[in-house]
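Here is the structure we will look at, set down as structure tokens.
Derivation of every value follows stated rules applied to the coordinates shown; laboratory data play no part. What you are looking at is a predicted structure, and each value in this text was computed from that prediction instead of being measured. Every residue, glycine among them, receives a Cβ derived from its backbone with ideal geometry; neighbour counts consider all protein chains shown.
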Amino acid sequence: QVQLVESGGGLVQSGGSLRLSCAASGRTISSYVISWFRQPPGKEREFVGGISRSGGTTRYADSVKGRFTVSRDNAKNSVYLQMNSLKPEDTAVYYCAAAFYYFNSDPASYNSWGQGTQVTVSS
């Protein structure tokens, strides 16, 4: 099973940008669909965006479409989440997750999860 570690979170002002990284070990990341989820304080975990194994297909939640971009570098065994025009409502713990079979927004489809990284957007 692949192990995932997120990094790049932090505190940023509204309108700012952050780039999260998801580094894989144990297995090659090119075998997996990788998606980002987030869990705001007191709320359920929600799908943010994801990328297919080849990188040819990406999907996003409506709330982040046009502001966030998921990309991958299989040679570096990493996936990234570029977040622009951040809003206070983007404040959450962000997780990357790997799925071997299906590319969808259901957390139950993902077998491996990172420990999460905190993103806080101040107004």
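When the Cα atoms of region 22-71 are enclosed in a convex hull and the volume is divided per residue, what value in Å³ results?
Spread over its residues, the Cα hull of region 22-71 gives 94 Å³ apiece.
Tell me the volume per residue, in Å³, of the convex hull enclosing the alpha carbons of the chain. Before the final figure, lay out the partial values.
Working: hull volume 11.0 nm³, N = 123.
Roughly 89 Å³ of hull volume per residue.
Tabulate in residue order the Karplus-calculated ³J(HN,Hα) for region 52-60, using 6.51 cos²θ - 1.76 cosθ + 1.60 with θ = phi - 60°, rounded to whole Hz; enter x for Gly and Pro.
Using θ = phi - 60°, the values come out as 6, 4, 7, x, x, 10, 10, 9, 9 Hz.
Relative contact order of the chain, please, whole-number percent, based on alpha carbon pairs below 8 angstrom and at least 6 residues apart.
Details: 312 pairs, mean separation 43.8, N = 123.
With pairs under 8 Å counted, the relative contact order is 36 percent.
Using a 10 Å Cβ count of at most 12 others and DSSP loop calls, identify the longest part of the chain lacking such chymotrypsin sites (Phe, Trp or Tyr not before Pro).
No qualifying site falls inside 1-100, the longest such stretch.
Residue separation times 0.36 nm, minus the C-alpha to C-alpha distance between Ala23 and Ser123: what's the value?
Separation in residues times 0.36 nm, less the Cα-Cα distance, equals 33.0 nm.
Please state the relative contact order of region 13-78 as a whole percent: Cα pairs under 8 Å, 6+ residues apart?
Working: 74 pairs, mean separation 20.7, N = 66.
Relative contact order of region 13-78: 31 percent.
In region 48-116, if every C-alpha pair distance is counted and binned at 10 Å from zero, what percent goes to each bin?
Percent of pairs per bin, in order: 18, 55, 26, 1.
For Arg67 paired with Gln39, estimate the spin-label separation in nm (one decimal), with each label point 7 Å from Cα along the Cα-to-Cβ line.
Result: 2.2 nm between the two label points.
What are the lysines whose alpha-carbon lies under 25 Å from the alpha-carbon of Lys43, with same-chain residues fewer than 8 places away excluded?
Within the straight-line cut-off, Lys43 pairs with Lys65, Lys87.
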